[in-house]
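Before any comments, here is the structure.
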Amino acid sequence: MLYLRGILAWIPMNDLLKNLFSVFGKFGAGNEDSVVGIDIGSSAIKVVEIKKKGGKAVLETYGAIALGPYADLEPGRVTNLPVEQVVLALREVLKQSDVMSKTLALSFRFRLDYRRGEDFPLLTLGGMLTYGSGQWKDTVLEEILPVTFPDAFDLKWEKKGAAPEAKGKHPVTENVSWPQDARFFWIHESAPKSGSTVLMEAGSRPMVVLRTCGEGRVATILTTCHGEPVQGQTEAWQSEAWTKLLAQTMRWLKRGK
């Protein structure tokens, strides 16, 4: 699994490890480029960043987190955690290890090209610079996302807050019950592509959009975890509904076409 400014992508671990060093051959000679490997095990998650310097692989940073405490067990114990708990642990180890977003971008873009058209689940999450800074324009990611974005900064502020609302029935939104006062405040402006499905809206804007690409599935969430609620409102991303939505989205992605 890789994470980039709110982007999650599933890549089989054997493919990830097999290509960890071979990626160096894709970069130009003399450049200082990096790759990131993430190993999700039953007792721990490990992250390693390796940088190419002078033609040699140099360890840049390393991180690990025990999964036992997430299951109320001692560190080192084998666990069988639900998806949402694994995501929380992964986010924490990435934050602690201070893996560079540029590093992840290089590795992520290479693997998108490598896996395009195959059974490659992809989830993108909204953030201040996830889409609007233009770093994905004219890339394979722009091609496979279920939405298009304007060229300029694309975040729109919902001053009064936007309530999440499901648009019909789907496994992703099944039994996801939002508190009546839950609101989102910063939402990416986008236009769903032909053939995509808008599962949820926040206010009048698309919030969760799905599509298939090749033999894989793609999901884009366009709300962000930014903004301050006023009296009588709560942050939607702090609710159990948000956690459940993410977990069910990831399960749907992994089932394939």
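The values are calculated or read from the model by the stated rules, or taken from the named source; none is laboratory data. Keep in mind the model is a prediction, meaning the values are calculated, not measured. As a convention, Cβ positions derive from the backbone with ideal geometry for all residues, glycine included, and neighbour counts pool all protein chains shown.
Is region 203-212 home to any residue that is over 17 Å from Thr148 (Cα atoms) and either within 14 Å of the chain's Cα centre (by Cα) or touching a residue at least 12 places away in the same chain (Cβ under 8 Å) (or both)? Yes, the conditions are met somewhere in region 203-212.
Here Gly134 passes the criteria (1) modelled with pLDDT under 70; (2) out of contact with any strand residue (DSSP E or B) (no Cβ under 8 Å at 6 or more places or on another chain); (3) not assigned by TED's automatic domain parsing to the domain that holds Gln238 except the one numbered (3). Scan region 234-250 and tell me whether some residue there is over 18 Å from Leu122 (Cβ atoms), buried (at least 18 other Cβ atoms within 10 Å of the Cβ), more than 19 Å from the chain's Cα centre (by Cα) and of a type outside the set (D, E, K, R). No; the residues of region 234-250 include none that is over 18 Å from Leu122 (Cβ atoms), buried (at least 18 other Cβ atoms within 10 Å of the Cβ), more than 19 Å from the chain's Cα centre (by Cα) and of a type outside the set (D, E, K, R).
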